[in-house]
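Undergrad: Encoded as structure tokens, here's the structure I'll be asking about.
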Amino acid sequence: MFEFLKKLIPKSKIAKKKARPTTALKKPKVSAAKPKVSAAKPKVSAAKPKKEKKGFFSFTEKIKKGLTKTRESLSSQLTDLFHNKKIDEVFFEELETILLTADVGFKATEMLIQQVKMKVKENNIKDELKLKVILKNCLSEILTPIEYPLKINGTSPFVIMVVGVNGTGKTTTIGKLTKFLHGEGKTVLIAAGDTYRAAATEQLTVWGERNNVTVISHATADPSSVIFDAINSAKAKNIDVVIADTAGRLPTQKNLIDEITKIKRVISKCHAGAPHEILLVLDANTGQNAITQLKAFNEALNITGLIMTKLDGTAKGGVLAAIAKEFPTPVRFIGVGEGIDDLKEFKAKEYAEGMIE
């Protein structure tokens with residue numbers, strides 16, 4: 001009997017001994033979890049430079065992607081030309097035709113051909129790649145004089161009046177411009193001055209919600225009164241920028257052009273020096289017709305800057321070169337996609353790189 005008890009005692013001790021390590025093993029799991037929490041902190045701080053690099057590279061990549069149709073059209077024609085022709089007068093005649101089909105315009109094309117001819121002769125160029133580099137550099141030189149980013153001065157509020165014909169993407173551009181200005185640390189208020197199209201106010205309201213900004217609108221009010229109220233509201237709230245939308249109109253519609261000049265006068269009376277910027281939104285798909293629109297709107301309003309939209313959907317990206325030579329006007333932004341971040345500041349060098357590979 002005693003022997004039986006002796007056998008039981010060691011087993012209980014062994015059981016206790018076995019139980020201790022199991023409780024002790026739990027502690028390392030708790031303490032091991034702590035380093036994971038502290039290890040997560042470096043990941044947050046390390047992510048910042050990656051975002052900056054991505055932002056830098058995405059800028060040039062976005063421009064290239066947005067100009068894909070123009071680049072592919074030009075590249076295929078230029079490649080065929082370089083492979084099948086020696087660099088002589090016939091070569092330059094065909095190069096001229098290719099540039100004109102990309103809507104580079106007569107004046108810009110003539111200047112490009114002259115510059116390329118001169119540099120080919122000076123450097124005895126016979127290589128396709130070297131000739132493309134020369135063409136690209138010459139195009140960049142033509143575009144550089146119209147590279148002017150939008151500068152918001154100390155005036156508060158800084159009033160931007162947005163104009164253009166129907167279908168150019170004015171409303172969407174205003175939403176994207178609001179996002180861009182937010183990124184620059186500016187507070188923004190939008191005036192829904194396109195009272196002719198109910199959908200325009202609805203679209204702006206959606207963009208306002210996406211950007212967390214106020215949109216001033218009145219369903220039946222006169223466009224001038226809507227913008228007038230918006231500017232006064234911005235003054236009261238110390239808003240940095242007011243973006244005033246206007247109804248789309250054709251340059252040939254004299255009554256609508258007269259109305260838009262009236263809106264400009266009302267803005268000037270409401271706020272000294274305003275509008276500080278009058279942006280004309282142009283659709284790249286219209287090609288050379290964009291110059292006609294620019295001339296008509298400029299005559300009525302004195303356009304201070306351009307936004308060229310829908311470059312991702314056309315092979316007519318050369319139109320900016322035509323504007324640079326025929327009616328030079330500062331190009332503030334270009335639209336290279338449908339995303340909220342696809343409104344990019346115009347950069348001549350990157351644009352030329354995007355057009356000619």
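Undergrad: First compute the accessible area of the range 162-280 with a 1.4 Å probe, then give the percent of it belonging to carbon and sulfur atoms.
TA: Ligands and nucleic acids excluded, carbon and sulfur reach 52 percent.
Undergrad: Right, another one. What's the extension gain from Asn137 to Asp229 if we count 0.36 nm per residue and subtract their Cα-Cα distance?
TA: Between Asn137 and Asp229, full extension yields 28.3 nm more.
Undergrad: At 1.4 Å probe size, what's the solvent-accessible area of Val215? Round to the nearest 10 Å².
TA: 30
Undergrad: Would you please classify the overall shape of the range 198-245 from the alpha carbon gyration tensor, given that a ≥ b ≥ c denote the square roots of the eigenvalues, rounded means a/c under 1.5, and beyond that prolate means a/b larger than b/c while oblate covers the rest?
TA: oblate
Undergrad: As a test of understanding, state the convex hull volume per residue of the range 166-221 from its alpha carbons, in Å³.
TA: That works out to 68 Å³ per residue.
Undergrad: OK, next. Per residue, how much accessible area does the range 144-272 show when a 1.4 Å probe rolls over the protein heavy atoms, in square angstrom?
TA: Spelled out: the 1.4 Å probe surface of the range 144-272, per residue, equals 45 Å².
Undergrad: Given a cut-off of 31 Å, name the pairs among Lys69/Lys254; Lys69/Lys126; Lys151/Lys264; Lys176/Lys235; Lys119/Lys310 whose C-alpha atoms lie farther apart than that in the structure shown.
TA: Those over the limit are Lys69/Lys254; Lys119/Lys310.
Undergrad: Here is a further query. Taking the Cβ-Cβ separation of Thr292 and Asn255 as r and a Förster radius of 30 Å, what is the calculated FRET efficiency to the nearest 0.05?
TA: 0.95
Undergrad: Hey, another quick one. How much of the accessible area of the range 297-337, probe 1.4 Å, is carbon plus sulfur, in whole percent?
TA: 43
The values are calculated or read from the model by the stated rules, or taken from the named source; none is laboratory data. From a predicted model like this one, the values you see are computed outputs, not experimental measurements. Cβ atoms come from the backbone with ideal geometry, glycine included; neighbour counts cover every protein chain shown. These area figures cover heavy atoms from the full protein model, side chains too; ligands, DNA and RNA do not enter into them. Shrake-Rupley method; radii C 1.70, N 1.55, O 1.52, S 1.80 Å.
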